[in-house]
Every structure is written in C-alpha cells, then in structure tokens.
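First up is the structure itself, then whatever we jot down about it.
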Amino acid sequence: MSDLIFLCTMSCMLGLLLAWGFKHLPRERWQMLAVIPKTKGAGDQWQGINLTYYGFFLATSQVLAVILLLTLLGAARISLAGALLVTALMLTVCYPAARLVAILVEKKRHTFTIGGAAFVGILLAPWCILLAEWFINEFTDCSLPMLPVLAAIAAAYTLGEGLGRLGCISFGCCYGRPLEDCHPLVRRLFSRMAFIFAGPTKKAIYEGGLAGRPLVPIQAITCILYCLTAIVGSFLFLRGHFTAALLLCTGTTQIWRILSETLRADFRGIARISAYQKMGGLAVVYVFLLARIIHSPYPTMPVIGQGVGLLWHPGIIIGLQIFWLLAFLFFGRSTVTTSTLSFQLVREHL
C-alpha cells in the first residue's frame, strides 16, 4: 500500500507540473529567468548574462532524478555511501559528455546533448558501479548489487530526461516538425495540442524559422512517455523485478529516441540516420546483453518507507541544494543569447 501511495503522489505531482509547462512554456515570457549585469557599455547600458528557465528545469529534473535514485536504492537497503559514490561518478562522466558529444556530432560548442550524455552514461554505468564498490570495500564491507543499482539508475534517468524536456519547451529546442509538413493522421492527432513558439531567441525560431507555426509537440510527448515509464519502472523495482525495470526504462527511452527523430525538425547531424539514433540502438543492445549476462540475486524486497526516510538526512538535503545550484549554473547560463540593461529611478517613489 505504501508503494502505491508513493507512486500515486509522484504521478499527481508530475501531472500537474507537465500540464502547467505545456500551457505556458512555449510563450516568450518563459525563456529568460533572470539577467545579471556583467560589463558596462556605452552610456548607462550594461551587457547582461541571461539565466534561463532551461537551466532551471534541467537542474530541477536532475535533482528529482537523484532523489528517485536515492529513494529506490534506500528502499532496497543498498549502502548510502555506495549510492552517493555511484551518483557522483555518473554525474562526473555525463556532465562533460553533454557538451563533448554535441561538439563531435553537431559541431557546436555552445549547446548540450542529453542523448549523447545518456549514451555515455549507459556504457559506463556498470563500470562506475564496480569502481564504487571496490572503493567502498576499502573502508567498509558492503555490496552494490549490479542489477538493482542499474535498474534504479535507469528509472531515475528516465524521470530526469522526461522532466528535462520542459526546459527544451522553454528554450524552443528539440522542436518538432511543422504540422503542415506531416502526414494527415499526424496533423489530425496533434492539431489541438501543437506548440506555437514566440520570441526571436527561441531556437525553433532563430534556427528553424518557425515563428507562429504549429509544430508537433514532440517535447510534450517525450515528457509524458518518459514520466509514465519512470513510474512503471519504479513500481517494478519496488516489486523486486529489477531486470524488467531496467529493460523497460532503457528500451523505452532509447527506442523512442530513434523513433522521435522522425518527428523532429531541429538539426541532428548531416546523416540520414543520426548519430543519436545509432547511439540509441547500440544502447538497447548493450543493456539487453548486460541483463542476460549479469546474475545478481537480491533476496530482500525493497521497502519504500526506508528509501523516503533516507531523504531526511541533513547532509542529503544540503547536498541536493548544492547540486541544484551547480547544475543550474552549468546549464542555465546562456551563451547563445545576450541582453542589454539600463536602470532608472522611479521618481514618484522617492
């Protein structure tokens, strides 16, 4: 019963957030969160650094993904120190990969690719777990069972990428094809749910020239699909079906990555089959082989209460806040937009 309460609460909160985001985030108002004056130019004008809602939602989605990861691992009574070390190793690998893979594939230095970072993370996740277990065992006797940890990582990643698409809606990136260019069935299906972006700094507008045109809401579809998959994957994990949770979350995210690009209009490389589609296919095969090879029986059923209780540790709370701030500064400082500020007095208020 406690599992269902946890998952239902999670579902309701995600549903409300997604409904709000789909309605408001395509608007011009919801791209820039704040501006920090940087250097003073001519007269009383300042050049500013733009802080974006893209960074806000990516940082928030990653914190929520880490919370889910720690909750599931705590529910499975897996070492807190081991869980934190695995998380740190994965983030250390994936953060640079988000930019490096984009440079290699798209030849752009000022963008991120979550798909590329996810592919690198999937490849290295088992080795990060082995490394973390070896290091922890130098100080204490504990184990990091491979399948449960991989399943928890897969569910957490699925949630994080799903919510992170709200940032894509805000910035206008990862945008869908114009409805008029799609099959009539697609037009009919999404005619009332299409995204229409406004504002010259939205990527769908400055890169795609799609101002005011109804687009396939591919980011929203991904949000809904991934969040539902994360919920089902978490349910399977809490029932002890670790292999099923791992295959469901990885299979859904990577197969959808392959299929969704047929409905996207943003630049994904010059090849007909993009590098990200190839990465998705390889990731599915890789994880399927891992699930067939790895046998790590885990006799204890997860207890969600223990996982939720883990989050009330003061160190966890402070660490998550610091992590959110660092993630926001990494993803939220826009290098493809700038701003000009001026300041005046309100004379009637003096």
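The values are calculated or read from the model by the stated rules, or taken from the named source; none is laboratory data. If you're wondering where the values come from, they're calculated on a predicted model, not measured in any experiment. Quick reminder, even Gly has a Cβ in these numbers, built from the backbone with ideal geometry, and neighbours come from all protein chains shown.
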**Study point:** Residue, modelled with the highest pLDDT, within the stretch 84-122, restricted to residues that are surrounded by fewer than 17 Cβ atoms within 10 Å (Cβ to Cβ) and more than 23 Å from Gly332 (Cβ to Cβ)
**Key:** Leu104
Practice item. Go through (1) in contact (Cβ under 8 Å) with a residue 60 or more places away in the chain; (2) in a loop (DSSP other than H, G, I, E, B); (3) over 30 Å from Gln47 (Cβ atoms) and name the single condition Arg272 misses. Key: (1)
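Condition check ((1) touching a Cys at 6+ places or on another chain (Cβ under 6 Å); (2) surrounded by fewer than 24 Cβ atoms within 10 Å (Cβ to Cβ)) across all residues:
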position: Phe139; (1), (2): no, yes
position: Ser143; (1), (2): no, yes
position: Ala156; (1), (2): no, no
position: Cys174; (1), (2): yes, no
position: Glu180; (1), (2): no, yes
Exercise for review: Determine whether the stretch 207-216 contains at least one residue that is basic (Lys, Arg) and surrounded by fewer than 22 Cβ atoms within 10 Å (Cβ to Cβ).
Suggested key: yes
Check your understanding: Looking at the stretch 247-261, is at least one residue surrounded by fewer than 16 Cβ atoms within 10 Å (Cβ to Cβ) and more than 21 Å from Leu91 (Cα to Cα)?
Key -> yes
Study note, to complete from the structure: In the stretch 326-350, anything within 24 Å of Ala152 (Cβ to Cβ) and loosely packed, with under 15 Cβ neighbours inside 10 Å is listed as Leu326
Review point. Do we have Ile103 as without any contact (Cβ under 8 Å) to a residue 24 or more places away in the chain and assigned to a helix (DSSP H, G or I) here?
Key: yes
Check your understanding: Can you find even one residue in the stretch 302-323 that is outside any helix (DSSP H, G or I), more than 17 Å from the chain's Cα centre (by Cα), touching a residue at least 24 places away in the same chain (Cβ under 8 Å) and buried (at least 16 other Cβ atoms within 10 Å of the Cβ)?
Key -> yes
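Tell me, please, whether a residue that is surrounded by fewer than 17 Cβ atoms within 10 Å (Cβ to Cβ) and in a loop (DSSP other than H, G, I, E, B) can be found in the stretch 60-83.
yes
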Practice item. Take Ala244 and decide whether it is outside any loop (DSSP other than H, G, I, E, B) and more than 23 Å from Gly281 (Cβ to Cβ). Key: no
Check your understanding: Any chance the stretch 291-298 includes a residue that's in a helix (DSSP H, G or I) and within 25 Å of the chain's Cα centre (by Cα)?
Key -> yes
Review point. So which of Pro148, Pro126 is farther than 21 Å from Val308 by Cα and part of a helix (DSSP H, G or I)?
Key: Pro126
Exercise for review: Only one of these is over 30 Å from Leu84 (Cα atoms), touching a Leu at 6+ places or on another chain (Cβ under 9 Å) and aliphatic (A, V, I, L, M): Ala152, Ala211, Ala194, Ala230. Name it.
Suggested key: Ala194
**Study point:** Answer residue from the stretch 282-299, given it is at pLDDT 75 or above and out of contact with any helix residue (DSSP H, G or I) (no Cβ under 6 Å at 6 or more places or on another chain) and is surrounded by the most Cβ atoms within 10 Å (Cβ to Cβ) among those
**Key:** Leu290
Review point. Restricted to the stretch 1-49, and to residues that are polar (S, T, N, Q) and not in a helix (DSSP H, G or I), which residue is farthest from Leu238 (Cα to Cα)?
Key: Gln45
